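J.: Here it is, the structure in full.
The values are calculated or read from the model by the stated rules, or taken from the named source; none is laboratory data. Given the structure is predicted, the values throughout are model-derived calculations rather than measurements. Note that we place each Cβ from the backbone using ideal geometry, even for glycine, and neighbour counts take in every protein chain shown. Heavy atoms of the whole protein, side chains included, go into the accessibility calculation; ligands, DNA and RNA do not. Shrake-Rupley method; radii C 1.70, N 1.55, O 1.52, S 1.80 Å.
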Amino acid sequence: MLLELDADQEVLREATARYLTDRVPVDRIRALRDDPAGFDAGYWQAGAELGWTSLLVSEEHGGGSISGSPLVDLTIAAYEFGVRSAPGPLASANVVAAALSAAGGEAHLAVLEALLAGETIASWAHTEPAPNDRLGTVTLTCRVDGDEIVLDGVKRPVESAGQAGYLLVTGRAEEGLTQVLVPTDAPGITITPLKTVDLTRRFSTVRFDGVRVPRSAVVGELGGAAEQVERQLQIALVILTAESVGAMQTAFDLTVQWAFERYSFGRPLASYQELKHRFADMKSWLEAAHAISDKAAAAVDAQSPDAAELVSIAKAFIGDYGSELLQDCVQMHGGIGVTFEHDLHLYLRRVVLDRALFGTPAEHRQRIAGVVEHLKERSA
């Protein structure tokens, strides 16, 4: 992602790349399509030891960044996930770890320690099956009943819910947005697997029917989670866009190599002017995607005032042009590009999935308009 990595960041990049290459080569990824989890527990636990789940956690809680910019560091790992279409709930797991660390206190310390060690998985149950809105509608209710919180509602899609030990659930109490950490084996939870285009990522619909948890399960303050949820959304979007850029880069490189190796009428495909123009377009989209993804990561990391705008710009641009780039790569490969045996579809699947998670490009363009209008009102 970054034009220049420092020595510690390069160690993280190289270790992640080497580990993913060894543990989940493309043949293994194809085999995982029939695996209910999409990956094995040992794979994720070893990844946690590399730092996949600890970068956004404070040093006080056993985490810490390697460069002083924790989210930027995490995008390095996310990019390598995209380059290899690797399995694992990288975005959701880090959102939960960051939220528990930011909330502090002793209530969730044991769960956080287990997440950092890779002994369990936690996922963020935020989005709901609201019509034409995958960005922010929250109707799940969190009702206070004595010393307990009662949850009722549906969350969809929730990544790795079937494999997770805990869910960080965003709900709405009388006091406002509230987040609750809920064990997945709590009575009243029903997890129904969903189908997805990605071979290794698993999602589910999670229904909460009168689920009761102690009041201590609240993460942060009851009714005071609005800023926390916005921060988590920005973190998730940064990780997803970095991953998408990695997939775009790999697909582009594969296609350039193919165009130079494949001959038609005695000439390599890369020598034809029409394809040169298309490669020029794709290269400009790719470079812009790198730039805006890096810019958004830095802004969210620094909690800059323009972070919300930049991260939505990144999601909208990469969502649109990432899909366009991958489709062009498929077309340039001809018939072989649409076969299961070729690797190209692995990256197309990843980009298409990431495009839909936490808001579509159209929804993020609406979000940008709202942010700009709010800034105008404040400056008036």
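J.: Identify, among A270, V218, L344, the residue whose Cα sits farthest towards the positive end of the charge dipole of the chain, taking +1 on the Cβ of Lys and Arg and -1 on the Cβ of Asp and Glu, with the dipole about the Cα centre.
T.: The residue sitting most towards the positive pole is A270.
J.: What list of ³J(HN,Hα) values in whole Hz, one per residue of the stretch 102-109 in order, does the Karplus curve 6.51 cos²θ - 1.76 cosθ + 1.60 (θ = phi - 60°) give from phi, with Gly and Pro shown as x?
T.: Once θ is set to phi - 60°, the couplings for the stretch 102-109 become 5, 5, x, x, 9, 4, 10, 5 Hz.
J.: When only the heavy atoms of the protein chains count and the probe is 1.4 Å, how do F260, F340, F265, F358 rank by accessible area, highest first?
T.: Putting F260, F340, F265, F358 in descending order of accessible area: F265, F260, F340, F358.
J.: Around D354, what is the net charge, scoring Lys/Arg as +1 and Asp/Glu as -1 over all other residues with Cβ under 10 Å from its Cβ?
T.: +3
J.: Using just the alpha carbons, could you tell me how many Å³ per residue the convex hull of the stretch 167-253 encloses?
T.: Given the Cα convex hull of the stretch 167-253, per-residue volume reads 115 Å³.
J.: Keeping all protein chains in position, work out how much accessible area R267 exposes to a 1.4 Å probe, and write it in Å² to the nearest 10.
T.: 100 Å²
J.: So, taking all protein chains as they sit and a 1.4 Å probe, how much accessible area belongs to S304, in Å² rounded to tens?
T.: 40 Å²
J.: Local charge sum around A225 (other residues, Cβ-Cβ under 11 Å, Lys/Arg +1, Asp/Glu -1)?
T.: -2
J.: While we're looking at this one, here's another question. Mean projection of the alpha-carbon convex hull of the chain over all orientations, in nm²?
T.: 19.9 nm²
J.: Ordering E261, E106 by accessible area with a probe of 1.4 Å, largest first, what comes out?
T.: The residues order as E106, E261, largest area first.
J.: Considering amide H positions built from the backbone, and no H for Pro or chain starts, which residues 5 or more places from F203, or on another chain, come under 5 Å of its amide H?
T.: For F203, the qualifying residues are S160, L194.
J.: Among Q303, Q249, Q327, which residue has its Cα furthest toward the positive end of the charge dipole of the chain, with +1 on Lys/Arg Cβ and -1 on Asp/Glu Cβ?
T.: Going by the Cα projections, it comes out as Q327.
J.: Which links in K195/K276; K155/K283; K315/K376; K155/K315; K195/K315 stretch past 28 Å when you go from one Cα to the other?
T.: Beyond 28 Å: K195/K276; K155/K283.
J.: Tell me the accessible surface of L5 in square angstrom (1.4 angstrom probe, heavy atoms of protein chains only), to the nearest ten.
T.: Counting only protein heavy atoms, L5 exposes about 50 Å² to solvent.
J.: Calculate I(q)/I(0) for the stretch 226-379 by the Debye formula, one identical point scatterer on each C-alpha and no solvent, and give its log10 at q = 0.10, 0.15 Å⁻¹ to two decimals.
T.: Summing over Cα pairs of the stretch 226-379 leads to -0.41, -0.77.
J.: Of S216, S244, which has the most accessible area with a 1.4 Å probe, and how do the rest follow in descending order?
T.: Result, largest first: S216, S244.
J.: Let me ask something else about it. Which ³J(HN,Hα) values, rounded to whole Hz and listed in residue order, are derived for the stretch 171-187 from phi using the Karplus coefficients 6.51, -1.76 and 1.60 in 6.51 cos²θ - 1.76 cosθ + 1.60 with θ = phi - 60°, glycine and proline given as x?
T.: Here the 3J(HN,Hα) series is x, 10, 9, 4, 7, x, 4, 9, 10, 10, 8, 10, x, 6, 9, 5, x Hz.
J.: Per residue of the stretch 60-75, what does 6.51 cos²θ - 1.76 cosθ + 1.60 with θ = phi - 60° give for ³J(HN,Hα)? Whole Hz please, x for Gly and Pro, Karplus curve as stated.
T.: Here the 3J(HN,Hα) series is 4, 9, x, x, x, 7, 9, 10, x, 10, x, 5, 4, 4, 5, 5 Hz.
J.: Next question. Once the convex hull of the alpha carbons of the stretch 7-116 is built, what does its volume come to per residue, in cubic angstrom?
T.: Convex hull of Cα atoms, per residue: 93 Å³.
J.: I would also like to ask the following. So which residue, out of H290, H126, H61, gets the largest mean-square fluctuation from a GNM of the chain using Cα contacts under 10 Å as springs?
T.: Fluctuation is largest for H61.
J.: Leaving out ligands, DNA and RNA, and with a 1.4 Å probe, what % of the accessible surface on the chain is carbon or sulfur?
T.: 51 percent
J.: When the helices in the chain are scored as -39500 (n - 2.57) per DSSP H run of 4 or longer and the sum is shared across all residues, what 222 nm value do you end up with, to the nearest 500 deg cm²/dmol?
T.: Computed mean residue ellipticity for the chain: -17000 deg cm²/dmol.
J.: Calculate I(q)/I(0) for the stretch 67-221 by the Debye formula, one identical point scatterer on each C-alpha and no solvent, and give its log10 at q = 0.12 Å⁻¹ to two decimals.
T.: Once normalised to I(0) and log-transformed, intensities are -0.52.
J.: How much accessible area per residue does the stretch 7-116 have, in Å², with a 1.4 Å probe?
T.: Accessible surface, normalised per residue, equals 38 Å².
J.: Then there's this: Bin width 10 Å, origin at 0, all Cα-Cα pairs of the stretch 134-193: what percent of pairs per bin?
T.: 20, 57, 22, 1
J.: Gaussian network model of the chain, Cα springs within a sub-10 Å range: biggest mean-square fluctuation belongs to which of R278, R212, R355?
T.: R278
J.: Name the residues whose placed amide hydrogens come within less than 5 Å of the amide hydrogen of C142, ignoring near sequence neighbours (fewer than 5 apart) on the same chain.
T.: Result for C142 returns R172, A173.
J.: Write down the accessible area per residue of the stretch 152-242 in Å², having rolled a 1.4 Å probe over the full set of protein chains.
T.: Each residue of the stretch 152-242 exposes 39 Å² on average to a 1.4 Å probe.
J.: With springs connecting C-alpha atoms under 10 Å apart, model the chain as a Gaussian network and identify which of E227, E80, E243 has the largest mean-square fluctuation.
T.: E227
J.: V338: net charge of surrounding residues, Cβ under 15 Å, Lys/Arg +1, Asp/Glu -1, itself excluded?
T.: Within the 15 Å Cβ shell, the charges total -2.
J.: Then there is this: Taking the Cα centre as origin and putting +1 on Lys and Arg beta-carbons and -1 on Asp and Glu beta-carbons, what dipole magnitude results for the stretch 162-246, to the nearest 20 debye?
T.: Magnitude of the dipole: close to 300 debye.
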